[in-house]
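Inspection log for the structure reproduced underneath, given as structure tokens.
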Amino acid sequence: MWTRRGKGWARHRIVAAVAAVTAVTWAAGPSAAGPTDALVSNWAGYVLTGNFHSISAQWIEPEVTCTDTGVIQRVSPWIGLNGSKVDGSVALPLMQTGSEATCVSDAGMLASMPGLTVENFADASGSDPSAFRRMIEVSAGLNTVLGQVVSGGCTAAGTGSASPHSLCAQGTERTVWWEAYPAAPVRYGDVTSAPGDRMTSSVTYDGTAYTMTLSNQTKGWTRRTVQQSSAPALTAEIVVEGQLDNALPAFSPVAFTDIEVDGKPLTEFTPVPYSIAATNGVLAPGPITAGGTAFTVTR
């Protein structure tokens, strides 16, 4: 969970396994590893459970088109170790690194604040799963109702630069970051990414520390962060994350390639698909291909 990256508006990151996940039919069909159900969260991708020491992958930064001025919209490809449920509890800390494109207008951010406040309160008091789920449902309702009201108002008023229409002007902000959840994420403010850039990412664990590495092969930069921790890496994730309970923007397919977990392809494990049940449709990962080293998330 974190607040204010870039423009400073609160952005909420819920660990998917903490949220109320339910099984749904996976529209994209079974992967090479065989699962046919996806867990619903704000992640679209694959999660592994075991004992891990490394994960790595590549992707191309997507084109993003903002589609709903009433809400925050996000597309965030990342990889990480920990963050999902193991034996009834969440493996933490979640060590992750990736990129993000966020669509936000001042009006949409104001409409999202009540729901975000409820979600932040739910996360802070999340020891009771049933209470957590109820608060997330309340948050979802607030986001949907207020987002629809603001979207309708902005459609009627227009989105020009002149006041008061400027409140509805929606822009796309891109960031690159690392995070050791539940601590706040950290933005790499001195480097950037753009649509079409080739990104490579890895997270490794040596028993005493996690090393998170993010590179932009197109722009020629690499950033590396080391976080001390003796907590074992019990899960691994390769996902595209969206804003919980909000509409997804339109975006070009995110193809994860050259995926390796402990030097092995995904099909050497039992990957579990996760999907995003956004207010404007379900986003699910495609089948695992290329000998177990690739899959695509398509809007």
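The values are calculated or read from the model by the stated rules, or taken from the named source; none is laboratory data. Bear in mind the structure is a predicted one, so any value in this text is a computation, not a measurement. Quick reminder, even Gly has a Cβ in these numbers, built from the backbone with ideal geometry, and neighbours come from all protein chains shown. For the accessible areas, the whole protein counts, side chains as well, though only heavy atoms, and no ligand, DNA or RNA atoms are used. Shrake-Rupley method; radii C 1.70, N 1.55, O 1.52, S 1.80 Å.
Observations, loosely collected:
- Where a residue in segment 235-250 is at negative phi and its partner, wherever it lies, is open to solvent by 10 Å² or more (accessible area, probe 1.4 Å) and among the acidic types (Asp, Glu), with Cβ under 8 Å and at least six apart: Asn246/Asp68; Ala247/Asp68; Pro249/Asp68
- Cross-chain or 6+ apart pairs with Cβ under 7 Å, segment 67-79 first and within 19 Å of Gly108 (Cα to Cα), then surrounded by 24 or more Cβ atoms within 10 Å (Cβ to Cβ) and among the basic types (Lys, Arg): Ile72/Arg11
- Those residues of segment 273-292 which are surrounded by fewer than 20 Cβ atoms within 10 Å (Cβ to Cβ) and in a helix (DSSP H, G or I), in sequence order: Ala290, Gly291
- Condition met for Thr204 (of a type in the set (Ser, Thr, Tyr) and surrounded by 17 or more Cβ atoms within 10 Å (Cβ to Cβ)): yes
- Residue list for segment 257-272, filter: open to solvent by less than 90 Å² (accessible area, probe 1.4 Å) and outside any strand (DSSP E or B): Asp262, Gly263, Pro265, Leu266, Thr267, Phe269, Pro271
- Residue in segment 199-222 that is among the charged types (D, E, K, R) and in contact with a strand residue (DSSP E or B) (Cβ under 6 Å, 6 or more places away or on another chain) present: no
- Evaluating Ile276 against the criteria (1) under 30 Å from Ala140 (Cβ atoms); (2) β-branched (Val, Ile, Thr); (3) over 20 Å from the mean Cα position of the chain (by Cα) leaves one unmet condition, (3).
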